[in-house]
Every structure is written in structure tokens, then in C-alpha cells.
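This report concerns only the one structure given below.
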Ligand code: SF4
């Protein structure tokens with residue numbers, strides 16, 4: 001069985017006010033870092049054995065902040081996982097990093113231990129925006145770290161930026177993009193800031209304590225200006241928030257959008273194993289909580305298991321597939337559900353084609369259609385419900 005690995009590193013050097021990923025703050029030398037590595041490598045062996053996994057096509061070390069593991073920690077993690085991919089094959093191995101902890105030793109360790117891509121959390125070069133959104137780190141380190149990533153992973157790194165931050169107008173965002181592109185990333189993720197309920201930023205906004213946050217309309221327009229700038233600069237949009245130079249798509253993320261098997265390891269991670277014969281999936285969700293995760297008995301994966309029945313999996317396949325600019329794979333859809341995509345949601349496809357928001361062969365939303373993906377999914381899900389009942 002072929003499956004990718006997603007390894008969640010649940011540690012950060014500090015917590016950002018807008019973030020709702022599971023992570024805990026750590027300092028260098030925290031003994032939980034070593035304990036985490038022992039345990040996640042054991043989980044990887046047990047999981048691969050349980051599912052009789054063949055070589056992984058992609059591996060993604062995300063978080064949290066994997067660069068808090070330091071040079072020796074990341075080497076240990078990648079060396080420990082090495083047996084799960086075919087060293088001669090074109091495997092994609094991505095490591096996420098934050099500028100404040102991604103020093104030269106860390107980046108060189110990543111490269112020596114087999115990483116093929118770095119994904120750097122830049123977010124913004126504008127200190128007022130970063131501070132107001134409660135982003136950890138200091139933007140003064142960015143030029144040095146970006147130059148280093150670009151030198152050690154030439155044409156093989158991605159960078160994240162956020163639009164819709166406080167104190168960010170179009171001039172600030174476009175300057176950020178221009179600065180970022182001067183380091184020649186192969187891939188850029190431009191995320192619209194979302195106020196996730198329960199985060200400190202959400203609470204501060206509700207209490208009216210965050211000045212200069214753009215209105216929703218202003219934030220939408222800002223993101224579109226960013227998208228257009230990236231397109232003009234040769235970075236084509238291939239997913240809702242992702243842009244790249246030709247041939248530089250994230251192969252790991254493509255597997256999520258195609259709903260192809262992946263294991264999720266580490267507290268808070270989730271994985272999905274598809275049964276193509278039945279059109280169902282097994283979802284394994286690892287409970288968050290680093291202490292209880294470390295205290296597990298041997299053999300306990302610390303995960304809840306849920307069977308995703310065909311109707312729910314069809315919806316999830318549409319939800320993930322239409323995020324991708326080429327749409328869901330029609331062959332895979334038919335093989336998995338014994339149903340043509342065109343027969344599953346004919347009314348929705350016809351109406352969105354009529355509005356000029358959907359392309360044919362294969363069916364996929366246009367760039368303008370992607371802006372209203374939620375509305376498309378509401379219609380598609382209603383049609384699926386009517387079709388299945
Ligand atoms: S560094 Fe990333 S994962 Fe950590 S708190 Fe900030 S946004 Fe979240």
C-alpha cells in the first residue's frame with residue numbers, strides 16, 4: 001500500500017495570536033524534544049507495519065515549527081524515517097521552518113539528511129502588521145534567513161505570506177511580495193488571515209482591541225491584488241492559496257487535494273487511508289496533548305479511528321478536489337465511487353459553467369470561481385444529498 005507521511009512537530013518557540021494549530025512553546029534543550037523524536041519514530045514503524053506500507057512518495061514534516069528540533073533533531077528525524085522512502089526514487093521531502101530557528105546548521109542538516117524542499121513561514125516583512133497580529137519572531141532576521149534558504153535550497157523552497165493583516169494595505173502587501181520574490185522561491189502560499197474562534201487574535205478583535213484590521217471587503221480585494229501580482233510575476237495559481245513556478249507544485253499537498261493515502265503522526269495530526277474498492281476511508285486522528293501522547297503505553301497509537309462512509313467521502317473528495325485548479329480527478333472519482341462526476345452533480349456543474357465560473361475537461365473552477373468555492377460546495381453538497389436519498 002502506498003501512503004505519504006505527515007509528521008506533526010507540536011512545538012514552537014512562541015505561540016502566535018492567530019494560530020489554531022496544536023502546538024506548545026518550548027525552549028532549546030527541553031527534554032520533551034528528544035522524547036518526541038523517540039516516540040514519533042516508533043509510531044512511524046508501527047504504522048508502516050500495520051498497513052504494510054510500501055515506499056512513501058512524499059514526506060512532510062510540519063507543525064508547529066519543525067526547526068525548533070535544531071540541526072541534530074531534524075537529522076535524527078529524517079535519518080530515522082529514511083527506510084520509509086525509496087532513496088533512489090524522486091521522493092519529495094518537505095520540512096517546514098520558521099526564520100528565527102532555521103539557521104545554517106539546521107538547513108544544511110535538512111539537505112544532508114535528504115530534504116528536497118523547505119517551506120519557510122515568512123508571513124510578513126512589515127513589523128507593525130506582525131506585532132498587531134501577534135506573530136512570533138522579528139522581521140529583521142528575514143533577509144539573512146531567506147538568502148540562506150535560497151542558497152542551500154536553490155529553486156526548491158516555498159514561503160508563506162498572510163494577507164489581510166492589521167496595518168496592511170495594498171502597498172504593504174505588494175512590497176512584501178516583491179521583496180519575497182527577489183529571493184526566487186519556487187512556490188508561494190498566500191493565505192488570507194482567518195480569525196479562528198478561540199484564538200487570542202479573535203478575542204482581541206471581538207473586544208475591539210485590534211486597530212487597523214481591514215474590513216472583509218478590503219481583505220478580499222487585498223488578496224486578489226496579491227494573486228494578480230503573483231500571476232504577473234510568473235507564479236501560477238494551482239490551488240486556492242498556492243502559487244508556483246512551472247513544475248514546482250507541492251506533490252505532498254496534491255495528494256491531499258486528490259484524497260490519496262497519507263499517515264498523520266504526532267499529536268494533533270490526522271491521516272486518511274482510502275479503500276478504493278468500497279469507496280470509504282479510515283480516518284485516524286491523533287489526540288492532541290503532548291504529555292498524554294508521550295505517556296502512552298507501547299502499541300497505543302493515541303489515535304481515534306473513524307470510518308468515513310461513501311456519501312461523506314464523496315463530499316470530502318469534492319471539497320478537496322475543487323480547491324485544486326485542475327479539479328477532482330474524474331478517473332479516480334469514477335474508480336472510487338463507481339459514479340461519473342458529471343452524473344453526481346450535473347445541475348451544479350451546468351449552472352456554474354453557465355456563470356462562466358467553471359471550466360470543462362476536467363471540470364474545475366476558474367480563478368474567479370475559486371473565490372466563491374464555499375458557495376459552489378453548498379450547491380454541490382445539496383445536490384449530492386438529493387442524489388443519494
Ligand atoms: S509559529 Fe506557526 S504553528 Fe507556531 S504558533 Fe505561530 S503560526 Fe502557529
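Using 1/(1 + (r/R0)^6) with R0 = 22 angstrom and r between the beta carbons of residue 287 and residue 194, what's the FRET efficiency to the nearest 0.05?
Efficiency, from the Cβ-Cβ distance: 0.40.
Using Cα-Cα distances under 8 Å and only pairs 6 or more residues apart, what relative contact order does region 4-254 have, in percent?
18
Mind checking which of 300, 228, 169 has the largest fluctuation in a GNM of the chain, springs on alpha carbons under 10 Å?
Top of the fluctuation ranking is 300.
Highest mean first, how do 38-49, 353-364, 116-127 rank when packing is the count of other Cβ atoms within 10 Å averaged over residues?
In descending order of packing, they fall as 116-127, 38-49, 353-364.
Test of understanding: what is the full-extension gain from residue 184 to residue 49, defined as 0.36 nm times their sequence separation minus their Cα-Cα distance? Don't skip to the answer; put the middle values down first.
Numbers: separation 135, 0.36 × 135 = 48.60 nm, distance 4.01 nm.
Contour length minus the Cα-Cα distance gives 44.6 nm.
Using alpha-carbon positions, what is the distance between the centroids of region 1-64 and region 300-375, in Å?
One Cα centre to the other: 29 Å.
Out of all DSSP beta bridges in the chain, what portion is antiparallel? Express it as a percent rounded to 5. Don't skip to the answer; put the middle values down first.
Details: 22 of 52 bridges.
Among the beta bridges of the chain, antiparallel pairing accounts for roughly 40 percent.
If r is the Cβ-Cβ distance from residue 225 to residue 316 and R0 is 45 Å, what FRET efficiency results, to the nearest 0.05?
0.90
Among 84, 322, what is the fewest-to-most ranking by other Cβ atoms within 10 Å? Kindly include the intermediate steps, with their values, before the conclusion.
Details: 84 20, 322 23.
Lowest to highest Cβ neighbour count: 84, 322.
Express the relative contact order of region 233-389 as a whole percentage, based on alpha carbon pairs under 8 Å and six or more residues apart in sequence.
Computed over region 233-389, the figure is 18 percent.
Using Cα springs under 10 Å in a Gaussian network model of the chain, which residue among 74, 141, 273 shows the largest mean-square fluctuation?
Answer for the Gaussian network model of the chain: 141.
Over the chain, with a Gaussian network built from C-alpha contacts below 10 Å, which listed residue (82, 260, 92) shows the highest mean-square fluctuation?
Residue with maximal mean-square fluctuation among 82, 260, 92: 82.
Could you run the Debye sum over the Cα atoms of the chain, one equal point scatterer each and no solvent, and tell me log10 of I(q)/I(0) at q = 0.10 Å⁻¹, two decimals?
-0.69
Kirkwood hydrodynamic radius (Cα pairs, Å) of region 327-389?
Across region 327-389, the inverse of the average 1/r is 11.9 Å.
Would you mind pulling out the separation of the Cα centroids of region 205-248 and region 115-158, in Å?
Region 205-248 and region 115-158 have Cα centres spaced 17 Å from each other.
What ranking of 59, 286 emerges when the number of other C-beta atoms within 10 Å of each C-beta is taken as an exposure proxy, fewest first?
Ranked by crowding around the Cβ, least crowded first: 286, 59.
Could you work out the Rg to Rh ratio of region 131-232, with Rh taken as the Kirkwood radius (inverse of the mean 1/r over all Cα pairs)?
Result: Rg/Rh = 1.00.
Where a number appears in this text, it was derived from the coordinates with a stated rule and is not lab data. Bear in mind that the values here come from a model prediction, so they are computed numbers and not experimental data. Positions of Cβ are backbone-derived with ideal geometry, glycine not excepted, and every protein chain shown enters the neighbour counts.
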